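Data first, discussion second: the structure below is written as C-alpha cells.
Every read-out reported here was derived from the displayed coordinates using simple, explicitly stated rules and does not represent laboratory data. Remember, predicted model here, so these are calculated numbers, not experimental data. Here the Cβ is made from the backbone with ideal geometry for all residues, glycine too, and neighbour counts use every protein chain on show.
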Amino acid sequence: MYTGPLRALIDELGRLPGVGPKSAQRIAFHLLKVPTEDALRLSDAIVSVKERTTLCSRCFNVAEGGALCAVCSDDRREGTVVCVVEDPRDIVAVERTQQFSGRYHVLQGALNPLEGVGPEQLRVKELLERVEAEGIKEIILCTNPNLEGEATAMYLARLLGPLEIRVTRIASGLPVGGDLEYADELTLGRAIEGRRDL
Ligand SMILES: [Zn+2]
C-alpha cells in the first residue's frame, strides 16, 4: 500500500516487539506529522544508544562508553554479594526493592535447549571467574520464576556447589511463570529477603 521511505519506516517499526502492523502505521504517520526536530530527536536517541551503550566489562549490565556500569562503579556497594539475573531490566526490578546493596551479574538470558541456549551462550564462565577474582561470599540466584529461570538456577547451583560460598535462591511467592520485571517491589523485596540456601 505504501512505497519508499514511508513503507520502510512502517516495516521497521513493525519489527519492534509488541508493535503490530496497525500500530506501526499509526506511529509512522505520527512521525510524518510532528515537527522535524521532534522526529529527529527519536532518531538521534536510537543512534546514540547504539553508539554509546556497551556492556559492563565486569557484570554485563548496560554501561556507557566501555566503562563499568553505574552499580559496579559505586564504591558503596557490597562487593562480596552478587545477585545473578538474566537481563539488565531485572537489575532495575531488584534495585526498586531497595533490599539489595551488593553487585550483579547479568547472564544475558536463561538456559533454553529448545532455542539452542546452553551455558556457553550465557555469561556463566565469567561468573565463575568472578567468584575467585572478587572474593565473592554469596551468590543470590535471581533468575525468573519460570521453567527456564528455574533450570538455570539449578544448573548454576550445581556448578557453584563445590566452591566454598553461600548460594541462595530467591524465595518462591513470586507469580510462577512470570518475569521479575513485572513483580511489584514489595513481593520481589520479600523474595530476596526470604531467600533460601541451596
Ligand atoms: Zn557492572
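Scanning segment 50-71 for residues that are buried (at least 16 other Cβ atoms within 10 Å of the Cβ) and either of a type in the set (D, E) or farther than 27 Å from L186 by Cβ (or both) yields L55, C56, R58, F60, A63.
V131 satisfies every condition listed in (1) in contact with a strand residue (DSSP E or B) (Cβ under 8 Å, 6 or more places away or on another chain); (2) part of a helix (DSSP H, G or I); (3) farther than 27 Å from D75 by Cβ except (3).
Hey, any hits in segment 50-73 for a residue that's farther than 21 Å from D179 by Cβ, touching an Asp or Glu at 6+ places or on another chain (Cβ under 8 Å) and not polar (S, T, N, Q)? Yes, some residue in segment 50-73 is farther than 21 Å from D179 by Cβ, touching an Asp or Glu at 6+ places or on another chain (Cβ under 8 Å) and not polar (S, T, N, Q). Residue-level analysis places N112 outside the set of residues that are surrounded by 13 or more Cβ atoms within 10 Å (Cβ to Cβ), within 11 Å of the ligand (Cβ to nearest atom) and polar (S, T, N, Q).
Among residues of segment 36-79 being away from the ligand (no atom under 15 Å from the Cβ) and of a type in the set (S, T, N, Q), the one that is farthest from G102 (Cα to Cα) is T36. Residues that are of a type in the set (V, I, T) and over 12 Å from the mean Cα position of the chain (by Cα) number at least 1 in the following strands (runs of 3 or more DSSP E) confined to segment 45-120: 53-55, 78-85. Taking the criterion of being farther than 18 Å from A157 by Cα and either surrounded by fewer than 18 Cβ atoms within 10 Å (Cβ to Cβ) or within 13 Å of the ligand (Cβ to nearest atom) (or both), the residues of segment 84-102 that qualify are P88, R89, I91, V92, E95, R96, Q98, Q99, S101, G102.
Among the residues of segment 10-28, those that are touching a helix residue (DSSP H, G or I) at 6+ places or on another chain (Cβ under 9 Å), loosely packed, with under 12 Cβ neighbours inside 10 Å and not small (G, A, S) comprise R15, L16, P21.
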